[in-house]
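*Asks:* Can you read through this structure? Questions will come right after.
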Amino acid sequence: NTQGKFIWLTNFFLSTINEKVVDFESQPTPVQIVTSRSVVPVPVLGKPLYHVFSYAWAGLDPATGDPMGFVDGEPSTEYASIINEAEADELVYHGSSRPTVFGALRNTLNYKGWSLSLNISYRLGYSIVRPTVNYDNLNRGDISHSDYGLRWQNPGDELTTAIPSDPESVNNLRTRFHLSSASVVEKGDHVRLQDVRLAYSFPTLFSTAGKSLEVYGYANNLGILWKASDRIEDPDYIFNPALTSFSIGLRMGL
C-alpha cells in the first residue's frame, strides 16, 4: 500500500470449497442422516460429505414446555412418530458442517526496524450443532449445560425461550428429538483476530557483519471480532474455551 520509510503491506487470502457426493451405493435412513452430522458422516447424494440435517422444529408446547416437531404437517410431541416416520425430504438441511469460505486478511507495518503484523482470519458458510442441556444425563445425576437456567417453566415462557421444560425423568425419545432438532443448529460464520506480532530488527551494526538480530512479541487467538450467532461463545471452540497465548523471542541469523 505504501513504500519508502513507512511500508504498509496487505495480504488477503481467500479459499473456497464446493463439494458434493455424486455416487453412493446405499440410501441412508433419515435417522442415520440426522444423527451422523459431522462426527461420522453418512453420505447424502448431492450434499457435502460433512453436512448438518435436523428435524423441523415447531417450538415448545405452551402448556407443558415439551419440544414439538411435526407429524403429518401438524405440531406434535409424538416423538416416536417424529423420529421413525420422518422422510428424508422432510428434514431441514442447514448446509455444510465445515467452512466453505475461509481465509485471512493480514496487515504488516514496517518503520525504521519496527514491524507490526495483525492477522484477521475468517470462516464462513457453515453450520454447527450448539451444545445444550441433555435432560437424560441431568436426570441420571450428571452435570449438564447452563441452558438449564433458560428452560421453560411457566406458560408464556415459550415466547422467550427454546429450551424445553425439565421432564424430571429420563425420556430418551424426547431428548433425542430435542438434540437433533433445528433449534440447536446455528450458523458458525465468524471473524477472528487471530494474531498480532511486534518485532524490532537491530540495524546496521549486525547487518554489515552479515548477521541479524530481532526481538519480537507474539500474541495468538485474541478473540472473536464478529460472529453470526450470539448463542455460541466461539464456533471454533464449542466445548472448551479458546486459550490466548503470548510469547516473546529472540531470533539471530549468523
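Yes/no matrix, rows are residues, columns are (1) in contact with a helix residue (DSSP H, G or I) (Cβ under 9 Å, 6 or more places away or on another chain); (2) closer than 30 Å to Asn84 by Cα; (3) in a strand (DSSP E or B):
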{"site": "Thr175", "(1), (2), (3)": "yes, yes, no"}
{"site": "Glu186", "(1), (2), (3)": "no, yes, yes"}
{"site": "Ser229", "(1), (2), (3)": "no, no, no"}
{"site": "Leu243", "(1), (2), (3)": "no, no, no"}
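*Asks:* Enumerate the pairs (first residue in the stretch 92-112 and under 30 Å from Val44 (Cα atoms); second residue anywhere and part of a strand (DSSP E or B) and among the small types (Gly, Ala, Ser)) with beta-carbon separation below 6 Å, excluding pairs fewer than 6 apart on the same chain, so at least 6 apart or on different chains.
*Replies:* Qualifying pairs under 6 Å: Val92/Ser54; His94/Ser127; Gly95/Ser127; Phe102/Ser15; Gly103/Ser15.
*Asks:* Return the residue satisfying two criteria in turn: it lies in the stretch 151-166 and is part of a loop (DSSP other than H, G, I, E, B) and open to solvent by 40 Å² or more (accessible area, probe 1.4 Å), and of such residues it is nearest to Leu179 (Cα to Cα).
*Replies:* Among those residues, the one meeting the criterion is Arg151.
*Asks:* Residues in the stretch 222-251 that are among the basic types (Lys, Arg) and modelled with pLDDT under 95: how many?
*Replies:* Residues that pass the stated criteria total 2.
*Asks:* May I pose another question? How many of the residues in the stretch 92-131 are on the phi < 0 side of the Ramachandran plot, in a loop (DSSP other than H, G, I, E, B) and modelled with pLDDT of 95 or more?
*Replies:* 3
*Asks:* Looking only at the stretch 198-209, decide whether some residue is touching a residue at least 60 places away in the same chain (Cβ under 8 Å), assigned to a strand (DSSP E or B), buried (at least 17 other Cβ atoms within 10 Å of the Cβ) and not polar (S, T, N, Q).
*Replies:* Yes, the stretch 198-209 contains at least one residue that is touching a residue at least 60 places away in the same chain (Cβ under 8 Å), assigned to a strand (DSSP E or B), buried (at least 17 other Cβ atoms within 10 Å of the Cβ) and not polar (S, T, N, Q).
*Asks:* Among the residues of the stretch 62-78 satisfying the criterion of being in contact with a strand residue (DSSP E or B) (Cβ under 8 Å, 6 or more places away or on another chain) and not in a strand (DSSP E or B), which is most open to solvent (accessible area, probe 1.4 Å)?
*Replies:* Among those that are in contact with a strand residue (DSSP E or B) (Cβ under 8 Å, 6 or more places away or on another chain) and not in a strand (DSSP E or B), it is Glu78.
Residue-wise test of (1) over 30 Å from Asn1 (Cα atoms); (2) of a type in the set (Val, Ile, Thr).
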{"position": "Thr100", "(1), (2)": "no, yes"}
{"position": "Ser117", "(1), (2)": "no, no"}
{"position": "Ser121", "(1), (2)": "no, no"}
{"position": "Ser127", "(1), (2)": "yes, no"}
{"position": "Arg130", "(1), (2)": "yes, no"}
{"position": "Asp136", "(1), (2)": "yes, no"}
{"position": "Ile143", "(1), (2)": "yes, yes"}
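*Asks:* Is it the case that the stretch 95-112 has a residue that's more than 23 Å from the chain's Cα centre (by Cα) and open to solvent by 60 Å² or more (accessible area, probe 1.4 Å)?
*Replies:* Yes, the stretch 95-112 contains a residue that is more than 23 Å from the chain's Cα centre (by Cα) and open to solvent by 60 Å² or more (accessible area, probe 1.4 Å).
*Asks:* When both residues are 6+ apart or on different chains and their Cβ atoms are under 6 Å apart, which pairs have a first residue that lies in the stretch 24-53 and is at positive phi, and a second that is part of a loop (DSSP other than H, G, I, E, B)?
*Replies:* If the second residue must be part of a loop (DSSP other than H, G, I, E, B), the pairs left are Gly46/Lys20.
*Asks:* For the list (1) of a type in the set (D, E, K, R); (2) part of a loop (DSSP other than H, G, I, E, B); (3) open to solvent by less than 70 Å² (accessible area, probe 1.4 Å), I need the number of the one condition that Asp147 fails.
*Replies:* (2)
*Asks:* Do the conditions hold for Leu254, that is, is it of a type in the set (A, V, I, L, M, F, W, C), farther than 17 Å from Tyr126 by Cβ and either surrounded by 15 or more Cβ atoms within 10 Å (Cβ to Cβ) or under 15 Å from the mean Cα position of the chain (by Cα) (or both)?
*Replies:* No; evaluated as a whole, the condition is false for this residue.
*Asks:* Filter the stretch 40-55 down to the residues that are β-branched (Val, Ile, Thr) and modelled with pLDDT of 90 or more, then identify the one that is least open to solvent (accessible area, probe 1.4 Å).
*Replies:* Going through the qualifying residues, I end up with Val52.
*Asks:* Return yes or no: is Ala58 of a type in the set (A, V, I, L, M, F, W, C), part of a loop (DSSP other than H, G, I, E, B), surrounded by 15 or more Cβ atoms within 10 Å (Cβ to Cβ) and touching a residue at least 12 places away in the same chain (Cβ under 8 Å)?
*Replies:* yes
The values are calculated or read from the model by the stated rules, or taken from the named source; none is laboratory data. Computed from a predicted model, the values in this text were never measured in an experiment. Methodologically, a virtual Cβ is constructed for each residue, glycine included, from the backbone with ideal geometry; neighbour enumeration extends over all protein chains shown. Remember, those area values only see protein heavy atoms, side chains included, never the ligands or the DNA or RNA. Shrake-Rupley method; radii C 1.70, N 1.55, O 1.52, S 1.80 Å.
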